Amino acid sequence: MSAVRSLRKLGRAALLGTTPRGGLPNALEHVAQAHRRHHPGADLDALSRAYVLAESSHRGQMRKSGEPYITHPLAVTLILAELGAEATTLTASLLHDTVEDTELTLDQVRSEFGDEVAYLVDGVTKLEKVDYGAAAEPETFRKMLLATGSDVRVMSIKLADRLHNMRTLGVMRPEKQARIAKVTRDVLIPLAERLGVQALKTELEDLVFEILHPEEHRRTDALIRAHREEPDPLEELAEVVRGVLREARVGAEVLIRPRHHLSVHRYRLKRGRLGPCDFGRLLILVGEEADCYAVLGELHTCFTPLISEFKDFIAVPKFNLYQSLHTAFADSSGRVAEVLVRTHRMHRVAEAGVIALGDPHRTDGAEDAEADRDTDGERADPTRPGWLSRLLEWQSHAPDPDTFWAELRDDLAQDREITVFVAELGSTADSVTLHLPAGATCVDAAYARHGGNGHRCVGARVDGRLTTLGTVLRDGDAVQLLMAAEGGASGPSPDWLEHARTPAARLAIRRWLEAHPEEPGPGPKAPEPTTSDATATEATSGEPPAPEVTADPAAADPAGAPAVAEPTAAETPRGDRRTARTESAAVAEGLPDRPVRLARCCTPVPPDPVTGFAVRGGAVTVHREGCASVARMAGTGRAPVPVRWRPSADASCRVTLRAEAFGRPHLLADLTETIAVQGAAVLFAAVEPPRQQRVRHTYTLRLEDAAELPALMRAMREVPGVYDVFRAAQPAL
């Protein structure tokens with residue numbers, strides 16, 4: 001109702017004409033009052049001149065509702081003024097329809113009000129259907145998004161413009177209402193969310209809800225009306241909280257924040273039924289960030305906290321700059337209240353988002369300049385946040401309006417963002433921080449990092465483990481991309497499309513596949529596992545990952561090794577007499593007469609941390625502490641036997657190593673030569689068939705001194721094409 005009353009006041013003021021009162025047109029009084037609440041000393045001269053020009057340009061034009069057309073730019077400007085927009089934005093919002101709907105030209109706007117205002121007006125000016133036909137709407141949004149990339153105030157004006165149009169949509173035909181509401185739901189509301197303008201987002205959601213789901217809206221409205229007729233238990237809880245905080249000497253304002261219609265509807269669907277405390281939340285506003293945590297401590301001390309409801313968006317802000325503490329508590333009567341705790345400035349940003357940040361190009365010492373800077377001295381302004389940079393990047397590769405429109409809706413449907421840290425394996429350069437939508441995979445990371453060259457990605461490690469390209473990334477993951485050499489025969493598989501979540505990746509993959517219609521993508525298929533067997537062993541055994549241990553049935557002693565696909569260059573002297581000398585290098589403490597054998601599943605060597613287990617026949621088998629067999633035998637109740645390396649023992653050892661590399665000619669020769677140069681003897685070697693340009697070599701080696709093992713592994717890693725070398729272990733049965 002307040003919006004309707006404001007509209008009527010603006011209409012009456014517009015009909016009174018532009019007679020100045022104290023130098024300000026009558027119709028601007030409401031706008032001026034709202035603006036001065038946020039900017040007390042603001043100069044309103046440009047705003048006054050903009051209104052006079054807009055009113056004269058739109059004179060004689062009427063809206064379908066019957067009001068003078070000038071009431072629309074006035075209402076849009078009032079919305080922005082109430083959210084704290086600065087004078088340049090308000091000036092442009094008064095003029096935002098003049099170039100589109102009147103004889104006024106953009107050059108005239110620029111001449112009168114400068115480049116900034118002209119840029120904002122041009123940014124929200126629609127493209128003509130006469131010129132673009134059915135593509136006019138998507139191309140208009142493309143134009144606005146490109147302008148928003150340089151100045152987010154463009155989208156602020158568009159969002160306020162759409163809000164007022166949605167408020168007055170009742171005069172339209174039902175089918176047109178539905179079409180506009182769907183575009184608002186799919187594009188404008190997600191943009192409002194990403195720009196942090198919650199005040200506009202929530203009202204737009206309710207207006208769309210009423211148009212597209214009238215029955216559910218009426219049912220929800222009836223529930224809210226019935227709730228308002230009864231005493232609200234949150235009022236009592238709020239007073240109790242005020243008393244708790246007063247006693248703790250924490251200065252705070254405790255308010256009740258009602259849920260809007262769509263929020264109530266969603267909450268009812270989630271919970272099944274609504275309790276008397278479910279129609280709103282407590283909002284606690286404090287002066288400093290430290291006070292937020294002081295409030296949280298008092299609430300969790302004096303009430304029973306619901307820990308599952310706690311979220312700290314102050315330490316980890318949302319991608320749209322939203323900051324707040326979320327929690328919930330139950331009082332002694334069992335009533336549960338949800339609580340938001342934030343500073344006054346956090347609240348202003350939470351409500352108005354980018355509008356509260358003002359001019360993104362301001363560099364002088366203007367008012368609030370310090371408040372608009374983050375702790376590093378940089379402006380906390382999302383003019384080019386990660387999602388917008390990604391959007392501007394991929395849209396340039398979507399020349400088809402239908403493709404752009406479909407990809408835009410899909411991109412905006414991703415309502416959360418993650419941060420991952422990406423580097424190339426073996427690179428000494430610092431990792432690059434990438435902001436990706438939630439649900440993004442290694443495929444998306446490759447294209448976000450390398451653009452069109454992302455098709456050279458043949459594998460990835462996530463937090464040190466080899467993984468599939470289709471692996472969904474989590475916030476904070478460290479990703480190493482395995483890239484094929486320039487000019488190599490590499491390219492994406494059609495399967496990659498199933499795992500690409502970002503438009504940039506999908507468009508690049510489609511372009512490559514269209515350019516190579518007869519070629520099956522030689523790149524790795526995302527769904528196929530590229531993990532080492534260690535990952536599978538760790539997943540089934542429940543053991544923590546061991547950085548240099550991988551399980552491989554082929555790595556067992558040659559005498560009992562399972563078959564390896566197409567073994568190559570196998571030399572397997574099975575009766576090496578030096579094995580016994582190596583096995584006597586360990587002794588079972590307390591059982592000096594027992595024979596000690598080194599387990600062939602993990603090939604321990606001095607000075608590996610080891611443990612032993614008694615086996616049939618009275619012998620003690622020694623395993624590395626990270627071996628899967630240790631956990632398996634301990635889990636069955638087998639008692640471990642302490643063992644140690646004999647200091648005076650022969651230092652020679654046998655060890656099994658696995659090398660993972662990109663396939664290339666002469667790789668086997670180069671590796672075996674490197675092994676020989678390091679003084680190791682090859683007892684057994686096997687090369688698995690290449691898979692997706694990668695090969696695995698397994699070597700059982702004899703070293704004269706176990707201390708030489710680290711140098712040998714380093715030398716093998718330096719062989720061109722080799723991206724990892726690690727100890728091998730047979731998986732526990």
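The values are calculated or read from the model by the stated rules, or taken from the named source; none is laboratory data. All figures in this text were calculated on a predicted structure; none of them were measured in a lab. All Cβ positions, glycine included, derive from the backbone under ideal geometry; neighbour counts span all protein chains shown.
Assess whether V643 counts as being under 30 Å from L482 (Cβ atoms) and β-branched (V, I, T). Outline the logic, then answer.
On the way: under 30 Å from L482 (Cβ atoms): no; β-branched (V, I, T): yes.
Judged against the criteria, V643 is not a match.
Out of L283, L274, L269, report the one residue that is under 30 Å from E210 (Cα atoms), at pLDDT 95 or above and either of a type outside the set (A, V, I, L, M, F, W, C) or in the same structural domain as P233 (by TED's automatic domain parsing) (or both).
Numbers: L274 fails: at pLDDT 95 or above; L269 fails: at pLDDT 95 or above.
Sole residue among the options that is under 30 Å from E210 (Cα atoms), at pLDDT 95 or above and either of a type outside the set (A, V, I, L, M, F, W, C) or in the same structural domain as P233 (by TED's automatic domain parsing) (or both): L283.
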Criterion: surrounded by fewer than 19 Cβ atoms within 10 Å (Cβ to Cβ) and either under 15 Å from F319 (Cα atoms) or at pLDDT below 70 (or both) - qualifying residue of R384, R390, R409: R384
I want to confirm something. Restricting to the stretch 714-733 and keeping residues that are over 12 Å from R696 (Cβ atoms) and either in contact with a Pro (Cβ under 9 Å, 6 or more places away or on another chain) or polar (S, T, N, Q) (or both), which single residue is modelled with the highest pLDDT? Q730
Selection from the stretch 176-210 of residues touching a residue at least 60 places away in the same chain (Cβ under 8 Å) and of a type in the set (D, E, K, R) yields D186, E193, R194
So G114 fits all but one of (1) within 28 Å of the chain's Cα centre (by Cα); (2) at positive phi; what number is the exception? (1)
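Let's see how each residue does on (1) among the aromatic types (F, W, Y); (2) farther than 25 Å from V197 by Cβ; (3) surrounded by fewer than 24 Cβ atoms within 10 Å (Cβ to Cβ):
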position	(1), (2), (3)
I70	no, no, no
T77	no, no, no
L80	no, no, no
L90	no, no, no
H96	no, no, no
E100	no, no, yes
E103	no, yes, yes
L106	no, yes, yes
E112	no, yes, yes
Restricting to the stretch 171-219, give me the number of residues that are over 25 Å from A406 (Cα atoms) and of a type in the set (A, V, I, L, M). 3
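For the structure I just gave you, tell me whether L296 is outside the structural domain of K201 (by TED's automatic domain parsing), of a type in the set (A, V, I, L, M), surrounded by 15 or more Cβ atoms within 10 Å (Cβ to Cβ) and in a helix (DSSP H, G or I). It would help to see each step written out before you state the result.
Numbers: outside the structural domain of K201 (by TED's automatic domain parsing): yes; of a type in the set (A, V, I, L, M): yes; surrounded by 15 or more Cβ atoms within 10 Å (Cβ to Cβ): yes; in a helix (DSSP H, G or I): yes.
Criteria met by L296.
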When the stretch 666-691 is examined, which residues are found to be in a loop (DSSP other than H, G, I, E, B) and buried (at least 17 other Cβ atoms within 10 Å of the Cβ)? Q678, A680, E688
Could you check I256 against (1) over 20 Å from V349 (Cβ atoms); (2) part of a helix (DSSP H, G or I) and say which number it fails? (2)
Considering only strands (runs of 3 or more DSSP E) wholly within the stretch 595-645, the ones with at least 1 residues that are among the aromatic types (F, W, Y), surrounded by 15 or more Cβ atoms within 10 Å (Cβ to Cβ) and without any contact (Cβ under 8 Å) to a residue 60 or more places away in the chain are 610-614
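Rundown of residues vs (1) touching a Gly at 6+ places or on another chain (Cβ under 8 Å); (2) surrounded by 15 or more Cβ atoms within 10 Å (Cβ to Cβ); (3) in the same structural domain as F329 (by TED's automatic domain parsing); (4) of a type outside the set (S, T, N, Q), yes/no style:
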{"site": "E203", "(1), (2), (3), (4)": "no, yes, no, yes"}
{"site": "D206", "(1), (2), (3), (4)": "no, yes, no, yes"}
{"site": "E210", "(1), (2), (3), (4)": "no, yes, no, yes"}
{"site": "E215", "(1), (2), (3), (4)": "no, no, no, yes"}
{"site": "H261", "(1), (2), (3), (4)": "no, yes, yes, yes"}
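Could you please find all residues in the stretch 299-312 being of a type outside the set (G, A, S) and surrounded by fewer than 20 Cβ atoms within 10 Å (Cβ to Cβ)?
To start, the set of residues in the stretch 299-312 that are of a type outside the set (G, A, S) comprises 299-307, 309-312.
H300, T301, C302, T304, P305, L306, I307, E309, F310, K311, D312 - these are the residues of the stretch 299-312 that are of a type outside the set (G, A, S) and surrounded by fewer than 20 Cβ atoms within 10 Å (Cβ to Cβ).
So which helices (runs of 4 or more DSSP H) stay within the stretch 128-185 end to end and still have 2 or more residues that are assigned by TED's automatic domain parsing to the domain that holds E210 and within 33 Å of the chain's Cα centre (by Cα)?
Values: elements: 129-132, 136-150, 153-167, 174-183.
In the stretch 128-185, 136-150, 153-167, 174-183 are the helices (runs of 4 or more DSSP H) which contain 2 or more residues that are assigned by TED's automatic domain parsing to the domain that holds E210 and within 33 Å of the chain's Cα centre (by Cα).
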For the stretch 694-704 the number of residues that are crowded, with 20+ Cβ neighbours inside 10 Å and either at pLDDT below 85 or basic (K, R) (or both) is 3
